[in-house]
Structures are given as structure tokens and as C-alpha cells.
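Working notes, structure below.
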Amino acid sequence: MATSENTRKDSGSGGRVDVSTAMRNASEQLARLLQRSPDSVSSLNATEDGWTAHVEVVEIEKIPDTMSVMASYRVNLDGQGQLVGYERIRRYSRGQVDR
């Protein structure tokens with residue numbers, strides 16, 4: 001997906017998109033690839049080459065909702081906010097709490 005010039009924010013660091021644009025792009029581009037709506041973006045970090053985000057996605061919906069199967073995906077974006085790679089790093093029940 002090409003990012004329009006209106007959504008780019010040049011912060012003076014080589015044309016890198018801003019935090020909110022990177023977060024939105026990670027979520028939207030992963031949703032198109034997986035054909036599932038993301039639940040949340042749980043982390044976003046600037047890297048040397050762009051951005052890395054962790055996006056939480058409902059993989060299997062169940063009733064009650066706390067039994068739904070969630071997945072956490074690591075999404076890598078370049079400096080312009082384009083997805084360059086992703087991988088599922090974890091699957092868990094929505095109601096599960098990390099220790």
C-alpha cells in the first residue's frame with residue numbers, strides 16, 4: 001500500500017513517519033494481510049530502519065469472549081511506514097494474564 005503524502009510526517013529524520021502514523025499503518029496493513037481486524041497495538045518501537053510493532057488479533061472468536069484465541073504479531077515497518085515483514089510470536093486465550 002502506498003502512503004499518501006498527506007499522511008507522512010517528516011520529523012527531519014530522513015522522512016520517517018510519526019508514531020501515530022506508524023501505529024495506524026502497522027494495524028491497517030496487517031489487517032489486510034490476515035483478513036482480520038486487529039484488537040490493539042500493544043507496543044511500538046522506533047528502530048534503526050523504521051518501526052517494530054506488536055499487534056494483537058482475535059484469531060478464533062468464542063463465547064464467552066474471554067475464551068477467544070488471540071495472537072500477537074510482530075510487525076516490521078520501514079521508515080515510510082510500509083510493512084516489510086511480520087510474524088506471529090504468541091497465541092493465547094483472551095482472558096490469560098502473563099505472570
Of all residues in segment 79-95, how many are surrounded by fewer than 11 Cβ atoms within 10 Å (Cβ to Cβ) and either among the charged types (D, E, K, R) or farther than 19 Å from Ser27 by Cβ (or both)? 1
Residue list for segment 34-54, restricted to those being of a type in the set (A, V, I, L, M) and either in contact with a strand residue (DSSP E or B) (Cβ under 7 Å, 6 or more places away or on another chain) or assigned to a loop (DSSP other than H, G, I, E, B) (or both): Leu34, Val41, Leu44, Ala53
Residues being without any contact (Cβ under 8 Å) to a residue 60 or more places away in the chain, of a type in the set (Gly, Ala, Ser) and in a loop (DSSP other than H, G, I, E, B) - total across segment 66-99: 2
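FYI, it's all coordinate maths here, none of it is from the lab. Not measured: the values here are computed from a predicted model. Reconstructed Cβ throughout: ideal geometry from the backbone, glycine too, with neighbour counts over all protein chains shown.
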